[in-house]
1. Based on other C-beta atoms within 10 Å, arrange 102, 2 from fewest to most.
2. Quick one: compute a quarter of the convex hull surface over the Cα atoms of region 12-118 and quote it in nm².
3. Fewest to most neighbouring Cβ within 10 Å: what's the order for 137, 215?
4. Whole Å is fine, so just give me how far the alpha carbon centre of region 127-152 lies from that of region 178-212.
5. Would you please report the Å³ per residue occupied by the convex hull of the alpha carbon atoms in region 49-97?
6. Kindly state, as a whole number, the per residue volume in cubic angstrom of the convex hull around the alpha carbon atoms of region 3-218.
7. Subtracting the Cα-Cα distance from 0.36 nm times the residue separation, let me have the gained length for residue 160 to residue 114 in nm, one decimal.
């Protein structure tokens, strides 16, 4: 297997791994997310929450891995373009990890409250709810606001270079801006992120990532189209050569002295 083909296979596998671990991790968090008073009265289930945290850590690492494998491919198109993609992916992974830490902190608060008989339940409850809110905001900022530009950048690259079929890239070109608009509406309270509208707006990006992953696993990246080469410039015409200079005219020979008119007499007496 060539390096180019191996890169495509790893990238496709990481896209699938990131999607699976993200959804599975969210389901494991239900003891905290479904009980607003989890810190003081919710079910313990620390192991389940820890499993969700581990899944989200794997998701974050998968996102970082995607940026590493895609960077050499994007760099052939434009260096700054590739660096921008990596930066947005790293931002997404960082925000995801912040959300993981916040929910693990809620579990710690729950355990600490259970061990402290005289603890102020209202204080624990307020801090626990604040930490859950941190996770909710990271879930909006990371997998939505930060994901949108990286999705659009890679999809645009794929569309321009035809590295995958254009209908696959077009899903990302449409889905990236759409999920950004949806996250902005959620930010301003138009609707909840986990809602019908939120799911509909996220569907194109999900379809793009899964279709792209399947294509990369089966076919890989197509060879980029060669850039059109300019026609060779015509050879310059040789400069006209100057006519050779004529040889200088011969100087007239000096006239011979006329002989004396009278023969036999010297000219000078």
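Values quoted throughout were computed directly from the atomic coordinates according to the rules given, and no laboratory measurement underlies them. Owing to the predicted nature of the structure, the values given are computational and were not obtained by experimental measurement. Reconstructed Cβ throughout: ideal geometry from the backbone, glycine too, with neighbour counts over all protein chains shown.
1. Details: 102 19, 2 8.
Fewest to most other Cβ atoms nearby, the residues stand as 2, 102.
2. Numbers: hull surface 29.6 nm².
The directionally averaged projection comes out at 7.4 nm².
3. Working: 137 16, 215 19.
In increasing order of surrounding Cβ atoms, one gets 137, 215.
4. That distance is 13 Å.
5. Working: hull volume 2.0 nm³, N = 49.
Given the Cα convex hull of region 49-97, per-residue volume reads 41 Å³.
6. Working: hull volume 24.5 nm³, N = 216.
Enclosed volume per residue, from the Cα hull, is 113 Å³.
7. Numbers: separation 46, 0.36 × 46 = 16.56 nm, distance 5.79 nm.
Difference between extended and current length: 10.8 nm.
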